[in-house]
Amino acid sequence: MRVLLVEDDRMIAEAVRTALQQDGHTVDWIRDGASAAAALDGSGFDIVLLDLGLPKRAGLDVLREARSRGTTAPVIIITARDDVQSRVAGLDSGADDYLVKPFDLDELAARMRSVLRRGAGRGDPVIEHAGIRLNPVTHEVSRSGEPVALSAREFAVLEALLLRPGAILSRAQLEDRLYGWGGEIESNAVEVYVHALRRKLGSDAIRTVRGVGYCVPKR
Ligand code: CA
């Protein structure tokens, strides 16, 4: 998943970023409200973790404005403000969940999965499509019941495609998910991962839409 982390506290941000990267996510970190507003504008993020007390612009303002402009990316507020009014204001401003600092990183990861699942209209955490089973909690993948071993990046590509069967993701969108901003991108990385996934899951698992991108066939 591509995660936008908006947090001005360096220690918290680094701890969250490290944990999420170990979990296979790509994390783009920004530290103030004005940059957050800009980043949310062209949001290519799967999920946003938003602190409320930020330099330049308050997190709640940024969230309200992004929602009023039609940004649909799921947002989890991460804040030290634990009073009821702040929670209510956060959720009523368009947040999907609200987590009070200090929080446990495992709980954050679980809430992220829960929010993403609901956003995709699914109750079951396991994604199952055309004989492929992907478990975002354990990172296990199988095809027709047989376990398949994937690298972290192969897993990320497959998960992105499986979340919306039939939807085409361009190479650039997949690169964003794999590397985020400023990551060094090997020129044919996406092709290499897709090739590996086809070898492991079957050549029909991922379809190339020439000149557009890739998708998992809807069936
Ligand atoms: Ca803060």
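The values are calculated or read from the model by the stated rules, or taken from the named source; none is laboratory data. All values derive from a computational prediction rather than experimental measurement. As a convention, Cβ positions derive from the backbone with ideal geometry for all residues, glycine included, and neighbour counts pool all protein chains shown. Heavy atoms of the whole protein, side chains included, go into the accessibility calculation; ligands, DNA and RNA do not. Shrake-Rupley method; radii C 1.70, N 1.55, O 1.52, S 1.80 Å.
A compact table of results
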quantity: Residue identified as within 16 Å of the ligand (Cβ to nearest atom), open to solvent by 20 Å² or more (accessible area, probe 1.4 Å), closer than 24 Å to Phe155 by Cβ and small (Gly, Ala, Ser) among Ala15, Ala80; calculated: Ala15
quantity: Test for Gly24: is it within 16 Å of the ligand (Cβ to nearest atom) and open to solvent by less than 40 Å² (accessible area, probe 1.4 Å); calculated: no
quantity: Filter pass, Gly121 being in contact with a strand residue (DSSP E or B) (Cβ under 7 Å, 6 or more places away or on another chain) and at positive phi; calculated: no
quantity: When residues of the range 3-12 are limited to those that are open to solvent by 10 Å² or more (accessible area, probe 1.4 Å) and either aliphatic (A, V, I, L, M) or within 9 Å of Val27 (Cβ to Cβ) (or both), the one farthest from the ligand (Cβ to nearest atom); calculated: Met11
quantity: Sole exception among (1) within 21 Å of His25 (Cα to Cα); (2) among the polar types (S, T, N, Q); (3) open to solvent by 70 Å² or more (accessible area, probe 1.4 Å) for Ser203, by number; calculated: (1)
quantity: Subset of the range 38-63 (residues that are more than 14 Å from Ser86 (Cβ to Cβ) and either more than 16 Å from the ligand (Cβ to nearest atom) or within 17 Å of the chain's Cα centre (by Cα) (or both)); calculated: Ala38, Ala39, Leu40, Asp41, Gly42, Ser43, Gly44, Phe45, Asp46, Ile47, Val48, Leu49
quantity: Single unsatisfied condition, Arg164 versus (1) farther than 13 Å from Leu201 by Cβ; (2) part of a helix (DSSP H, G or I); (3) over 13 Å from the mean Cα position of the chain (by Cα); calculated: (2)
quantity: Checklist (1) open to solvent by 60 Å² or more (accessible area, probe 1.4 Å); (2) more than 13 Å from the ligand (Cβ to nearest atom); (3) under 22 Å from Tyr179 (Cα atoms); (4) more than 15 Å from the chain's Cα centre (by Cα) applied to Arg87, failing item; calculated: (3)
quantity: Subset of the range 149-161 [over 23 Å from Ser114 (Cβ atoms), open to solvent by 60 Å² or more (accessible area, probe 1.4 Å) and not in a loop (DSSP other than H, G, I, E, B)]; calculated: Arg153
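Residues are listed down the side, and each one gets a yes or a no for (1) open to solvent by 70 Å² or more (accessible area, probe 1.4 Å); (2) over 19 Å from Ile78 (Cβ atoms):
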| site | (1), (2) |
| --- | --- |
| Phe103 | no, no |
| Ala110 | no, no |
| Leu116 | no, no |
| Arg122 | no, yes |
| Glu128 | yes, yes |
| Leu134 | no, yes |
| Val137 | yes, yes |
| Ser142 | no, yes |
| Pro147 | yes, yes |
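Listed here are the residues, each with its yes/no results for (1) surrounded by 23 or more Cβ atoms within 10 Å (Cβ to Cβ); (2) modelled with pLDDT under 95; (3) touching a His at 6+ places or on another chain (Cβ under 7 Å).
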residue: Arg31; (1), (2), (3): no, no, no
residue: Ala37; (1), (2), (3): no, yes, no
residue: Asp41; (1), (2), (3): no, yes, no
residue: Gly44; (1), (2), (3): no, yes, no
residue: Pro55; (1), (2), (3): no, no, no
residue: Ala58; (1), (2), (3): no, no, no
residue: Val62; (1), (2), (3): yes, no, no
residue: Gly70; (1), (2), (3): no, yes, no
residue: Val75; (1), (2), (3): yes, no, no
